[in-house]
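Structure first, commentary second.
The values are calculated or read from the model by the stated rules, or taken from the named source; none is laboratory data. Because the structure is predicted, anything quoted here is derived from the model rather than measured. FYI the Cβ positions are ideal-geometry reconstructions off the backbone, even for glycines, and counts take in every protein chain you see. Keep in mind that these areas ignore ligands, DNA and RNA; they rest on the heavy atoms of the full protein, side chains included. Shrake-Rupley method; radii C 1.70, N 1.55, O 1.52, S 1.80 Å.
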Amino acid sequence: MEDVVQRFLRYVKYDTRSNEISPAYPSTDGQLVFAQVLADELAHMGLKDACVDQNGYVTATLTSNVSSNVPAIGFISHMDTSPDMPGHDLRPRIIENYDGSDIILNRDMGIVLSPSEFPHLRNYIGQDIIVTDGTTLLGADDKAGVAEIMTAVKFLLEHPEVKHGTVKVCFTPDEEVGRGVDRFDTAKFGAAFAYTVDGGEIGELNYENFNAAAARIKINGKSIHTGDAKGKMKNAVLIGMELNDMLPPDEIPANTEGYEGFYHINNFDGNVDHADAYYLIRDFDKKGFEDRKNFMKDIAGKLNAKYGTDTVSMDLYDQYYNMKEIIERHMYAIDIAKAAMQQAGVQPLILPIRGGTDGARLSYMGLPTPNIFTGGHNFHGRYEYIPVQSMQKAVEVIVNIAINCCTYPWPS
């Protein structure tokens, strides 16, 4: 089990941040470098078909060691890390036998990981916690998942007495910028169902996620000298502020939780003459999702009626959908994972994902793919951390899932 920690600490040294504005696939060269490292390691383990394809997907097959007809199962994690924080020159360290006090990440910069701000830290008193130095993200999203899958595969290879069906492995690029499965070939992958290992705290098991859309908004103003502006100027910045004020003030990420949806202004840039805004729209309920999109359209229409046609233009498009609609037809995937967690002494936490995973899109592409935990917390930022013991349990759960696929009462 120490292997998973050493793998993780080695993997986070690779800068694999994705880049939303890059037209390349993968979007950054660092992902291809890391992909080749993983393919070489899989091949060295003995998986002869391990490879990186032209799109940066790493795939490999662990052959079944049973004679019965067991459906092939897949495990998937993404190689890229979020572009929201620096991802190079990482300096992770392990806080052994955590005592529940503040963790000083960076004394010079005054950066502290405190249980007063992040109460879930107290759940890991007595455990070993991997943290950042406060200047970068950690990369547990999703190099923890990669390390856990790799360690589980190695275990199964080294223990042929453990019976399992065919196990398919895939590491994907560009999940963080929404392109992780744009070129994923589900038929070629060859699994009947799969799991993304991309969740948070220990025990997480997810098969519900947001329906997601984005709105790119352009606001055309009219710049006039301020001394002669009365009755003539249209300030695009003020119109953008007015647009945002027309949205429900409580329906933003900072004020919502559980199954509550939201509108989120992610970017705004502009001046008097022109402004651009980028919004995220999220809702678990299909009708609520459509209502939110229509509300955004209505706002644009009202502003155009007030300030003139073509003042506000909106490119509104869907990003992904709630996988629940698909997974509910394949609940064996949830039953197998729940049992695997319980066998490992982990209490399953069936929670909705207030976001999305590659599995959401894969489920609609014909590969039912719920999500299981990696063990990490505070993804995408300087306060990211992951308990060692949670990573070890994730490895155990992956192995148990492979075993349980052999013993599950599949219909003949």
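A few points about this structure:
- Restricting the calculation to Cα atoms, every distinct pair contributes to the Kirkwood radius of the stretch 1-114, found to be 17.2 Å.
- The orientation-averaged projected area of the convex hull spanned by the Cα atoms of the stretch 232-327 comes to 6.8 nm².
- Residues of the stretch 9-143: accessible area per residue with a 1.4 Å probe, Å²: 46 Å²
- Three principal axis lengths of the chain [C-alpha, angstrom, descending]: 84, 56, 38
- Trypsin sites (Lys or Arg not before Pro) lying in DSSP loop within the stretch 329-406, provided at most 14 other Cβ fall within 10 Å: R329
- Dimensions of the stretch 22-85 based on its C-alpha atoms, expressed as ranges along the principal axes with the largest first, amount to 46, 22, 21 Å.
- For the chain, built as a Gaussian network whose Cα springs stay under 10 Å, the top-fluctuating residue of Y14, Y57, Y279: Y279
- Sites matching GluC sites (Glu not before Pro) across the stretch 246-336 that sit in DSSP coil, with at most 11 neighbouring C-beta atoms within 10 Å: E257
- 1.4 Å probe accessible area per residue over the stretch 160-235, in Å²: 40 Å²
- Shape annotation for the stretch 286-388: C-alpha extents along the principal axes are 64, 39, 19 Å, from largest to smallest.
- Ligands, DNA and RNA are left out, and with a 1.4 angstrom probe the accessible area of the stretch 267-397 is 42 Å² per residue.
- Between D182 and M246, the FRET efficiency estimated from the beta carbon spacing at R0 = 35 angstrom works out to 0.55.
- Flagged links, alpha-carbon separation over 20 Å, of K188/K393; K143/K393; K286/K338; K48/K393: K188/K393; K286/K338; K48/K393
- Of the solvent-accessible surface of the chain, computed with a 1.4 Å probe over protein heavy atoms with every protein chain present, carbon and sulfur atoms account for 49 percent.
- Exceeding the 29 Å Cα-Cα cut-off - candidates K218/K324; K222/K287; K230/K302: K218/K324; K222/K287
- Accessible area of H164 in the full protein assembly, 1.4 Å probe (Å², nearest 10): 10 Å²
- Sparsely packed loop sites in the stretch 44-153 (the trypsin sites (Lys or Arg not before Pro) outside DSSP H, G, I, E and B with at most 11 other Cβ atoms within 10 Å) comprise K48, R107.
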